[in-house]
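Below is one structure, written out as structure tokens; comments come after it.
The values are calculated or read from the model by the stated rules, or taken from the named source; none is laboratory data. All of these numbers come straight from a predicted model, not from anything done at the bench. Don't worry about glycine lacking a Cβ; one is built from the backbone with ideal geometry, like all the others, and counts go over all protein chains shown.
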């Protein structure tokens, strides 16, 4: 008999990702179904909003309130009609954190769901990568050659990265031959990542893999692993392949741009000139709909000047949801370093640290491609925190009795 909570989470992920942002889910019945499911998920989560405290509860509550309040800020600052409020529904998925905490779904079940979606992600990416003449997934008008390859930045990367980090964790924590299956999973994930030619994502995945393996092996193996890593990196960037040449050339262009680097110019503009009201500088401007005058302004900035909000992560979070949302994320990142985890669940830290490192140069902390995965990661982290708190309290009680 299937557990209703497990089924709920399974569908929550795919509807939140809008079927990996499939073109067929961007309009019509399928789009309405996605929004309806997310809306219902948010509504059943709201009653549990104040039932817990400690750990990550406060920053997530701050994020929920900031996003909800931003609906009215879009009206106040830009005159965007409240009828466009449905644009905010995918971001209100933060509220489902509180339902998950109430439901107390076992982490092992969530791991299995994420790993399944990781496989689906890889298969769909390979399909799109080998059929680039037609856009099946994402918001691209077409796929173009970039950095030596037809670049396919596949939507839904959050669940992909988390699944790879889970696989890496299982490689070192399992004692059976199953660890070789998880090693293959992690390696295939790395290859998929490289094929998307996003420098930061490739570098971070390699660093996470290297850090994880080095922390769990003897010194002699650490030296060998580092040597292999250095040799492989040197070979990759010195062998004349289209991908390696493309990555190197892009890096040279970005370094030579210096202060004129487009992300720096975009961040400066949005921070100093974009927000029209003083209240908006505190509480944000809200989410925009492309059909409103607010949305048309944002689109014009990207089309005419190359100023994309999605390229300046933390600044985008501030512009849309205000200073309190930024503070909430700072709290989350801080707690990811201070709240301990059993080694079997280090993948939760790896995922949050991925968001931390990319929060200035991508939209990973705000994109719906990552958001549901972030909610799930924080639920698992909070679940473990509360179990640990109960355990520590129990130990303290026994100690007091013994004294």
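Checking the conditions here, which among 332, 327 is closer than 25 Å to residue 385 by Cβ, in contact with a helix residue (DSSP H, G or I) (Cβ under 9 Å, 6 or more places away or on another chain), surrounded by 19 or more Cβ atoms within 10 Å (Cβ to Cβ) and in contact (Cβ under 8 Å) with a residue 60 or more places away in the chain?
Details: 327 fails: surrounded by 19 or more Cβ atoms within 10 Å (Cβ to Cβ).
Checking each option against the conditions leaves just 332.
With 154, 129 as the choices, which residue is closer than 24 Å to residue 37 by Cβ and modelled with pLDDT under 95? Even if it seems obvious, please write down each step before you answer.
Values: 129 fails: closer than 24 Å to residue 37 by Cβ.
Residue meeting the stated conditions: 154.
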Looking at (1) farther than 17 Å from residue 322 by Cα; (2) out of contact with any helix residue (DSSP H, G or I) (no Cβ under 6 Å at 6 or more places or on another chain), which is the only condition residue 96 fails? (2)
Lone unmet requirement of (1) surrounded by 15 or more Cβ atoms within 10 Å (Cβ to Cβ); (2) modelled with pLDDT of 95 or more for residue 52: (2)
Tell me which of these residue 286 doesn't satisfy, since it passes every other one: (1) assigned to a helix (DSSP H, G or I); (2) touching a residue at least 40 places away in the same chain (Cβ under 8 Å); (3) surrounded by 20 or more Cβ atoms within 10 Å (Cβ to Cβ). (1)
If we ask which residues in segment 1-21 are touching a residue at least 24 places away in the same chain (Cβ under 8 Å), surrounded by fewer than 16 Cβ atoms within 10 Å (Cβ to Cβ) and not in a helix (DSSP H, G or I), their number turns out to be 1
Quick one: in segment 144-159, which of the residues that are within 21 Å of the chain's Cα centre (by Cα) and not in a loop (DSSP other than H, G, I, E, B) is farthest from residue 201 (Cα to Cα)? 159
Going through 183, 126, 174 one at a time, which residue ends up being out of contact with any strand residue (DSSP E or B) (no Cβ under 8 Å at 6 or more places or on another chain), in contact (Cβ under 8 Å) with a residue 24 or more places away in the chain and surrounded by 14 or more Cβ atoms within 10 Å (Cβ to Cβ)? 126
Looking only at residues that are in contact with a helix residue (DSSP H, G or I) (Cβ under 8 Å, 6 or more places away or on another chain) and part of a loop (DSSP other than H, G, I, E, B) in segment 201-220, which one is surrounded by the most Cβ atoms within 10 Å (Cβ to Cβ)? 216
May I ask you to list the residues in segment 99-125 that are part of a helix (DSSP H, G or I), touching a helix residue (DSSP H, G or I) at 6+ places or on another chain (Cβ under 8 Å) and farther than 18 Å from residue 17 by Cα? 99, 101, 102, 103, 107, 109
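Residue under question is residue 361, and the condition is that it be touching a helix residue (DSSP H, G or I) at 6+ places or on another chain (Cβ under 8 Å), touching a residue at least 12 places away in the same chain (Cβ under 8 Å), surrounded by fewer than 17 Cβ atoms within 10 Å (Cβ to Cβ) and within 30 Å of residue 274 (Cα to Cα); does it hold? Break it down into steps so the answer makes sense when it comes.
Working: touching a helix residue (DSSP H, G or I) at 6+ places or on another chain (Cβ under 8 Å): yes; touching a residue at least 12 places away in the same chain (Cβ under 8 Å): yes; surrounded by fewer than 17 Cβ atoms within 10 Å (Cβ to Cβ): yes; within 30 Å of residue 274 (Cα to Cα): yes.
For residue 361, the condition - touching a helix residue (DSSP H, G or I) at 6+ places or on another chain (Cβ under 8 Å), touching a residue at least 12 places away in the same chain (Cβ under 8 Å), surrounded by fewer than 17 Cβ atoms within 10 Å (Cβ to Cβ) and within 30 Å of residue 274 (Cα to Cα) - is met.
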What's the number of the condition residue 227 fails, among (1) assigned to a loop (DSSP other than H, G, I, E, B); (2) surrounded by fewer than 14 Cβ atoms within 10 Å (Cβ to Cβ)? (1)
State yes or no: is residue 319 within 21 Å of residue 62 (Cα to Cα), surrounded by fewer than 21 Cβ atoms within 10 Å (Cβ to Cβ), more than 13 Å from the chain's Cα centre (by Cα) and in contact (Cβ under 8 Å) with a residue 12 or more places away in the chain? no
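Kindly indicate which of 141, 85, 74 is farther than 30 Å from residue 386 by Cβ, in a helix (DSSP H, G or I) and without any contact (Cβ under 8 Å) to a residue 40 or more places away in the chain.
On the way: 141 fails: in a helix (DSSP H, G or I); 74 fails: without any contact (Cβ under 8 Å) to a residue 40 or more places away in the chain.
None of the other options fit; the residue is 85.
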Hey, residue 145 hits all of (1) buried (at least 18 other Cβ atoms within 10 Å of the Cβ); (2) more than 14 Å from residue 20 (Cα to Cα) but one; which does it fall short on? (1)
